[in-house]
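Just below is one structure, and these are the notes that go with it.
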Amino acid sequence: MTKSLLIGTYTQPILHGTGDVLLGRGEGIYGVTLDEATGHLGQPSVLTRTANPSFLCLSKDGRQLYAVNELKEFDGQAQGSISAFSHDGREICVRPTGGTDPCHVALSPDGRLLVVANFMSGSVCAYDVNDDGSLAERGQLFQYTGHSSDPQRQAGPHAHSTTFRGGDVFVPDLGLDLIHIFAYEPGSGLAEKTPYRSRPGSGPRYCEFGNDHLYCINELDSTIDTLCRVDGSLCLVSTASTLPNSFTGHSICGTMRVAPDGRHVYASNRGHDSFAVFEAMTDGTLTRQDIVPSGGKTPRDFTITPDGHFLLVAHQDSDSVVSFAIGDDGTLNQCDEAEIPTPVCVIWDEPDPGASCARH
């Protein structure tokens, strides 16, 4: 049997927070298949052409696909956009995000609210989802200000992702070393709560829950924090490095995934170009088990099959998506590679009733 994947790419030049300009070579959103028996990848094809679809999210029933358009200008203003498509690629609507370089999108568990993180301008916007999958013309916008300790990467706020859990929304802010927290009430949108403050210079990037703990990967200091919830607040349990103890070069984290059975946590390193494999203890602490090459350059994003048997990674700077088989002990073994230009996001092209949106 085969599974289908959707791949978001950069299609235009884009100035990153590091000051580097990436020349996007993609044509939009691609599709590729995975053979569940062998890990072999099929021939990729362009499914939908849209500008810089750097992150994707599928509705729970699989009928709509949402893509951020990571742009600095849209409709004559300093902002990006969010596009909604039907499953056959027809554009349903495009809405401004009210901030520049939107880099992440997620749906609420009930599928009625869509939340976008605007990276460069450091804001969060939320839109009601209509019955036909289109987005309300206007939504909530939360704009942040301030800075943290890194003068280059943290001169301003940089909201990076959104995660729904138990009536709350968690938004790591790389620029402010914060995790913004919102309460979500169906029909009422988002309401801000007291944020969690991380270490200066850590650069929170993405959160995911596993075994009742919140794991947060930090881009700048290449760590994963294990957090627990106490009386509605987040508290630090432990911190684990994603890099070898002897490494002295430059590297930043990409993303992180908790295995479906909760036994292992995986993290990608961009620069060291590797995966850190952790065993998750019952108390939420992480024990680093292995660090293996990612099979390409700049492992930006990856996902794991729902059965936990394969991992698929998008290498932004070597134009490839690589598949790995996951052993019973969590180990990774490379299987196959498909050529896709500047890929930056990988999700499953199928309904996922157990999740708030397709896996990032």
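What to note about this one:
- At a probe radius of 1.4 angstrom, the accessible area of region 1-140 per residue rounds to 40 square angstrom.
- Seen through its C-alpha gyration tensor, with square-root eigenvalues sorted a ≥ b ≥ c, region 145-301 comes out oblate because a/c lies at 1.5 or above while a/b is not bigger than b/c.
- Sequence of Met256, Met281 when ordered by accessible area, the most exposed leading, probe 1.4 angstrom: Met281, Met256
- Residue among His147, Ser274, Ala51 farthest towards the positive dipole end of the chain, charges placed on Cβ: His147
- For Thr11, distant residues with modelled amide H under 5 Å away: Gly26, Asn52
- Peptides ranked, highest mean first, by Cβ atoms within 10 Å: ranges 95-105, 226-236: 95-105, 226-236
- Region 183-259: C-alpha gyration tensor shape, a/c 1.5 cut-off, then a/b vs b/c: prolate
- Accessible carbon and sulfur surface of the chain relative to its total accessible area, %, 1.4 Å: 47 percent
- Surface accessible to a 1.4 Å probe, per residue, for the residues of region 165-317, Å²: 36 Å²
- The charge dipole of the chain, taken about the Cα centre with unit charges on the Cβ atoms of Lys, Arg (+1) and Asp, Glu (-1), comes to about 640 debye, rounded to the nearest 20.
- Working note: Karplus 6.51/-1.76/1.60 with θ = phi - 60° gives region 297-310 the couplings 10, 6, x, 6, 8, 8, 9, 10, 4, x, 7, x, 8, 9 Hz, where Gly and Pro are set to x.
- Label corresponding to mean projected area of the Cα convex hull in nm² when calculated from the structure given, among [x] 18.7; [y] 22.4; [z] 15.9: [z]
- Shape call, region 9-155: gyration tensor on alpha carbons, a/c limit 1.5: oblate
- Choice from Gly308, Gly249, Gly31 with maximal GNM fluctuation in the chain (Cα, 10 Å cutoff): Gly249
The values are calculated or read from the model by the stated rules, or taken from the named source; none is laboratory data. Predicted, not measured: the structure shown is a model, and the values here were computed from it. Here the Cβ is made from the backbone with ideal geometry for all residues, glycine too, and neighbour counts use every protein chain on show. With ligands, DNA and RNA removed, areas are computed over all heavy atoms of the protein, side chains included. Shrake-Rupley method; radii C 1.70, N 1.55, O 1.52, S 1.80 Å.
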